[in-house]
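The values are calculated or read from the model by the stated rules, or taken from the named source; none is laboratory data. Bear in mind that the values here come from a model prediction, so they are computed numbers and not experimental data. Here the Cβ is made from the backbone with ideal geometry for all residues, glycine too, and neighbour counts use every protein chain on show. Just the protein is used for accessible areas: all its heavy atoms, side chains included, with ligands, DNA and RNA removed. Shrake-Rupley method; radii C 1.70, N 1.55, O 1.52, S 1.80 Å.
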Amino acid sequence: MRGWLAEEGAKGASVAALSTVAVFGLAVWAVLRSENWDAVQSQFFNPENFAEAWPDVLQGFWLDLRMFAIAQIAILVFALLVAVVRSLRGPAFLPVRLLAVLYIDLFRGVPLILAILLFGFGVPALDLPGVPRSPLFWGVTTLVLSYSAYTAEVYRSGIDSVPESQRSSARSLGLTQWQSLRYAVLPQAVRNVVPALLNGLVSLQKDVALVSVLGVREAVREAQIYTSLTFNYTSYVAATVLFLLISVPAARFADWYSARDRARRSQMAA
Amino acid sequence: MTGDHAVARLRLDGVHKRFGAKVVLEGIDLVVHEHEVVCLIGPSGCGKSTLLRCVDLLERIDRGRILLDGRDITARGIDTNAVRKRMAIVFQSFNLFPHLSVLDNVTLAPRKAHGVRRSQAEAKARDLLGRFGLADKADEYPERLSGGQQQRAAIVRALTIDPDLLLLDEVTSALDPELVGEVLAVIRELARSGMTMVLATHEMGFARDVADRVCFLHEGRVLESGPPAQVLRDPTQERTRQFLSRIIDAGRL
């Protein structure tokens, strides 16, 4: 039995290797024999241009990473707040509940790039006293507001996934509504949605580049500037490489974590 | 037992409860005195669990009142948290918090709801856990415990707040038969120590041993109530007789 399985495994592996080489080989061959390959190569994959554009793009990317880090932390906190408000019970909380629903509907309904343009150009134009005018500030703020709307729903699904009996159990012990949420429901809810939160993280890491539409000099903007000066697109490839360097490992980590989480759960259920 | 002139620990006057169109409690009258153990028996769906949940204010009643030491706890403007701090309920499915160790499960309410210091709460919790044979399980997570151990931990969790009234909702129904005994032993011990308890149960033999009074619930009413020997051996109501004969046929009395 084991021998048969091992044989099947070995056969499976060689089939996988063969088909992978075949598919990728075909794709590379198709690209390389394209008539325009030489032109594309010098336009997009020029080593000299790459080296020339790299420092500025890298510096822009450093800004991307900082925007990402700050936005991500703000999103995790703010979205949790919104989700908690939305799941509060009792008639007294109706107004804040409505407000939370309205906010979520609004920001989930508007394309992110449109929201960034509206806030990034609109709010500074109002020229309100004491309100920052920096496009960087409003770009990041819009990212936070938009992503928080989604993330709040992720949290809420986590809250809903905790059995009602957990809440009654906490309430029956004399804990207040807030304490029941804080100590009994939320820890379980958050644990349930960590894989979904990690997906959002991977996605945000790329979407910070949208702030470039406001003229914020992050990686994509820097690449754009280089292109407009040299008519060479290799700077975009440089930016692509930088984003991939972060997002691919992050996605692998998210997958790994989800798989581990699933294994842990099935073990618990057994 | 305290005489009728004393204020009852728990009193239900004409309690009604419905869920949508389904009437679950249809005028429940019940008096429980201090140190008394009252067993609620009756077929599934007769309202035993709902009654206990209403007493713990987990469900809002539609009509009637519930008094704890003479005070109406179903009145408007009552502080439900303050009421719940004086009683505890143990559920059929344990409802321990899976993300907390047994010790944290047991000390959460004293620390957060009663403002007891951690060190003090933990000392008391370890003492109680030891009393119920769970000394070595304090730092385990609930999933690592057997059903019987989990239910005993849930009972300890209820006891750490020194409740004036303990409600037990079919606490052995979710257990494998060989684990029922250890939980019943714990409840017997509590009854001996004078804990005021109302328990819904299908364990008739246990009800006979431990109860001061047995109440038979049928279609949302207390149809018959009295000492276990009388209600279980010589019921006056036809419905009670039918119910008990089914139980005896099933070999549970």
Exercise for the section: Only Cα pairs under 8 Å and at least 6 apart count here; give the relative contact order of chain B as a rounded whole percent. Expected result: 26 percent
Practice task
Rank A:91, A:124, A:195 by mean-square fluctuation in a GNM of chain A with C-alpha springs under 10 angstrom and give only the top-ranked residue.
Solution key: A:91
Completion exercise
From the cross-link list B:48/B:124; B:85/B:124; B:112/B:137; B:48/B:85, the entries with a Cα-Cα span beyond 29 Å are B:48/B:124
Completion exercise
Measuring from its Cα centre, region B:97-162 shows a charge dipole (+1 at each Lys and Arg Cβ, -1 at each Asp and Glu Cβ) which, in debye to the nearest 20, is 200 debye
Practice task
Can you pull the one-decimal nm distance between simple spin-label points at residue A:29 and residue A:258, each 7 Å off the Cα toward Cβ?
Solution key: 3.4 nm
Completion exercise
Scoring only Lys, Arg, Asp and Glu (+1, +1, -1, -1) among other residues with Cβ under 13 Å from the Cβ of residue B:223 yields -1
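Can you check how the C-alpha radius of gyration of the protein assembly as shown compares to 2.2 N^0.38 Å, as a plain ratio?
Dividing the Cα radius of gyration by 2.2 N^0.38 Å gives 1.36.
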Exercise for the section: Treating only the Cβ atoms of Lys and Arg (+1) and Asp and Glu (-1) as charged, compute the dipole magnitude of chain A about its Cα centre; round to the nearest 20 debye. Expected result: 1400 debye
Practice task
Name the longest site-free stretch of chain A, where the excluded sites are trypsin sites (Lys or Arg not before Pro) in a DSSP loop with no more than 12 other beta-carbon atoms within 10 Å.
Solution key: A:134-270
Exercise for the section: Return the inverse of the average 1/r over all pairs of distinct C-alpha atoms in chain A, which is the Kirkwood hydrodynamic radius, in Å to one decimal. Expected result: 22.4 Å
Problem - Solvent-accessible area buried by pairing B with A, both sides, nearest 100 square angstrom, 1.4 angstrom probe - result: 1800 Å²
Problem - Environment charge of residue A:255, counting only residues whose C-beta is closer than 11 Å and scoring Lys/Arg +1, Asp/Glu -1 - result: +2
Problem - Charge sum, other residues only, whose C-beta stays under 15 Å from residue B:97's C-beta, Lys/Arg counted +1 and Asp/Glu -1 - result: +4
Exercise for the section: Provide, in order from the shortest bin, the percent of all Cα-Cα pairs of region B:89-199 in each 10 Å bin, continuing until the bin that contains the maximum pair distance. Expected result: 15, 51, 32, 2
Completion exercise
Long-range alpha-carbon pairs in chain B, meaning those over 28 Å apart, account in percent for 33 percent
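Determine the dipole magnitude for the protein assembly as shown: charges of +1 sit on the beta-carbon of Lys and Arg, -1 on that of Asp and Glu, nothing else is charged, the reference point is the Cα centre, and the result goes in debye to the nearest 20.
920 debye
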Handout entry: Virtual spin-label span in nm between residue A:164 and residue B:126, 7 Å along Cα→Cβ
Key = 4.0 nm
Practice task
Along Cα→Cβ, 7 Å out, is where each label goes; now give me the distance between the ones at residue A:94 and residue B:144 in nm to one decimal.
Solution key: 4.8 nm
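Can you give the accessible area per residue of region B:97-162, in Å², using a 1.4 Å probe?
The answer is 41 Å² per residue.
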Practice task
Indicate the residues belonging to region B:59-85 that lose 30 Å² or more of solvent-accessible heavy-atom surface (probe 1.4 Å) upon moving from the chain alone to the assembly of all protein chains, ignoring ligands and nucleic acids.
Solution key: B:81, B:84
Problem - Cα shape, region A:110-265, gyration tensor, a/c 1.5 rule - result: oblate
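Run through region B:23-88 and list the trypsin sites (Lys or Arg not before Pro) located in a DSSP loop whose Cβ has at most 12 other Cβ atoms within 10 Å.
Answer in residue order: B:60, B:76.
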Practice task
Classify region B:119-170 as rounded, prolate or oblate from the Cα gyration tensor: take a ≥ b ≥ c as the square roots of its eigenvalues, call it rounded if a/c is under 1.5, otherwise prolate when a/b beats b/c and oblate if not.
Solution key: oblate
